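Each remark here refers to the structure printed beneath this line.
The values are calculated or read from the model by the stated rules, or taken from the named source; none is laboratory data. The model shown is predicted, which means the values in this text are computed figures rather than measured ones. Please note: Cβ atoms are built from the backbone with ideal geometry, for glycine as well, and neighbour counts cover all protein chains shown. In case anyone asks, the SASA skips ligands and DNA or RNA and just uses the protein heavy atoms, side chains included. Shrake-Rupley method; radii C 1.70, N 1.55, O 1.52, S 1.80 Å.
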Amino acid sequence: MEMSQPIGVFDSGVGGLTVVKSLWEHFPQEQIIYFGDTVHLPYGSRKPEEIIAFGIDIVEFFIQHKTKAVIAACNTSSSVSLPCLQEKFPVPIIGMIEPGVRAALKVTKNKRVGVIATKATVESCAYERTFLASDPETQVFSQACPLFVPLVEDGRIERKETYQIARSYLKPLQDAGIDTLVFGCTHYPFLTPVIRHVLGESVRLVDPAHEVVRELATALNLNGHRGEVPEHLFFASGQVSSFYTAGKKFLGSFPFSVEQISLNEKEGQDSAGREEGPEQRRTSASS
Ligand code: DGL
C-alpha cells in the first residue's frame, strides 16, 4: 500500500460528507474519493440484499481507483453489509456502528442511550448487538426516523415542519430518560441544530464520524503530516445539482464539486449500449 493512495468514502447520498468533513479536519493531506449512491436513495427503506449488492458495486469502483481503505459512511450499509464487504475485498473497510457505540459509551452516565437511524438499521438490531457485546448494562432505545433523510437531501433543515417531525421522533427517547443520543445515520448531523433545540443541553449528541476517523487513522497508521492538499473526487449516481447544493451548504468553504457517474454501465457504453466517452455520460456541478 502506498500512503498516497486515496481513501474511498461512500453513502447513499450527502450523509457521508459528515465523515469527509471530519477526515479533512484531521487529515487534510489524504485524498478522498466519495461516492453518493443517490440513484438508490434512500437505502433505509430497502431490503438487505439490495443494500449489500450496492455496497459490492461501490467497493469494486473504489478498488478500480486504487483506494487504500474504504469507509462505509452509511450506517444502513454498515449494519447490513459490512461483514460481507470485509470478507469479499482485500482493503480495510471501516463501518459506523462500532465507532458509534464506543463514542457513546465514553459519554453516557446513566447507560440509557438513544439511537436514531433508518428503518433498515433499526430492524438489523446492529446497534443493540454491538452495545450488548461492549457493555451489557447499557439500555438502548432505538427510533427509526424515515423522514429525516429526504429533509436533509432537500436542504429543508431550518423549517417548522422539520422541528415538528423531530419532536415527534424524539419524544419516546426523552420519555425513556436517555442521557446520550447516537446519530445512527450519517445524514442526521446535518440536523444538529434542530435536534439540539428539541432535546436541550442535557442530552449528549454523539456523531460517530470522529471515532470512525480515529479508527481509520489507527488501521492505516496515518500520522497527520501536512503535505500538499490533494484534489478530491466526488461522484453521485443520480442528479448532481441537489447533491451539490445540500453538500456545499454543509461543507462551507471546503472545495467541492460533483460528477455524475453510473456504476452499472460498462465503461465506454451508455445505458443503451452505444459507444461513448466518459465525458458524455457525466454531468457535473461545482462552485
Ligand atoms: N446516510 C445513511 C445512513 O447512515 C442512509 C440514508 C438512507 O439512504 O436511508 O444510514
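List of remarks:
- Degrees separating the helix 75-88 axis from the principal Cα axis of the chain, which is the longest one: 50
- Three-way shape label, region 179-243, alpha-carbon gyration tensor, a/c 1.5: oblate
- Accessible surface of the chain, 1.4 Å probe: 51 percent of it comes from carbon and sulfur atoms.
- Near I94, the amide H atoms lying under 5 Å from its own belong to V70, I71, A72; only residues 5 or more places off or on other chains count, and H is placed 1.01 Å from N.
- When the chain is treated as a GNM with alpha-carbon contacts under 10 Å, the residue of T218, T130, T138 showing the greatest mean-square fluctuation is T218.
- The calculated 222 nm mean residue ellipticity attributable to helices in the chain amounts to -13000 deg cm²/dmol, summing -39500 (n - 2.57) over DSSP H runs of n ≥ 4 and dividing by all residues.
- A Förster distance of 25 Å, applied to the separation of the beta-carbon atoms of Q139 and L205, puts the FRET efficiency at 0.85.
- In this structure I94 has an accessible area near 10 Å², from a 1.4 Å probe over the protein heavy atoms.
- Percentage relative contact order, the chain, counting C-alpha pairs under 8 Å, at least six apart: 24
- Taking label positions 7 Å along the Cα-Cβ direction at both H26 and E50, the computed distance is 3.3 nm, reported to one decimal.
- Residues whose amide H lies under 5 Å from that of V206, counting only those 5 or more places away or on a different chain, are L181, V182, F183; hydrogens are built 1.01 Å from N in the peptide plane.
- Rounded accessible area per residue of the chain, 1.4 Å, Å²: 45
- Dipole magnitude of the chain about its Cα centre (Cβ charges: Lys, Arg +1; Asp, Glu -1), debye to nearest 20: 920
- Under the combined filter of DSSP loop state and at most 12 neighbouring Cβ atoms within 10 Å, region 108-152 retains these GluC sites (Glu not before Pro): E137.
- Per the Debye formula on identical point scatterers at the alpha carbon atoms of the chain, with no solvent, log10 I(q)/I(0) at q = 0.08, 0.11, 0.13 Å⁻¹ is -0.32, -0.61, -0.86.
- Calculated FRET value between A217 and E60, using beta carbons and R₀ = 22 Å, to 0.05: 0.30
- In this simple spin-label model, placing a label point 7 Å from the Cα along the Cα-to-Cβ direction at both C84 and T192 gives a separation of 3.3 nm.
- For region 234-239, backbone phi angles converted through the Karplus equation (6.51, -1.76, 1.60; θ = phi - 60°) give residue-by-residue couplings of 10, 10, 10, 7, x, 4 Hz, Gly and Pro being listed as x.
- Excluding exposed DSSP-loop trypsin sites (Lys or Arg not before Pro) (at most 10 other C-beta within 10 Å), longest clean stretch of the chain: 110-225
- Residues of region 137-153 with amide N under 18 Å of a point placed 7 Å along Cα→Cβ from E161: 145-153
- Amide H contacts under 5 Å for Q31: I7, restricted to partners 5 or more places along the chain or on a different chain, H placed in the peptide plane at 1.01 Å from N.
- Taking 0.36 nm per residue of separation and subtracting the Cα-Cα distance, full extension of the segment from K106 to K171 would add 21.0 nm.
- When the chymotrypsin sites (Phe, Trp or Tyr not before Pro) in region 115-160 are filtered for DSSP coil states and for at most 16 other beta-carbon atoms within 10 Å of their beta-carbon, no site remains.
- Each residue of region 253-262 was assigned a 3J(HN,Hα) from its phi angle through the Karplus curve 6.51 cos²θ - 1.76 cosθ + 1.60 (θ = phi - 60°); the sequence is 7, 5, x, 8, 9, 10, 10, 8, 8, 10 Hz, with glycine and proline shown as x.
- Ignoring lysines fewer than eight residues from K21 along the same chain, the ones with Cα atoms less than 20 angstrom from its Cα are K68, K248, K249.
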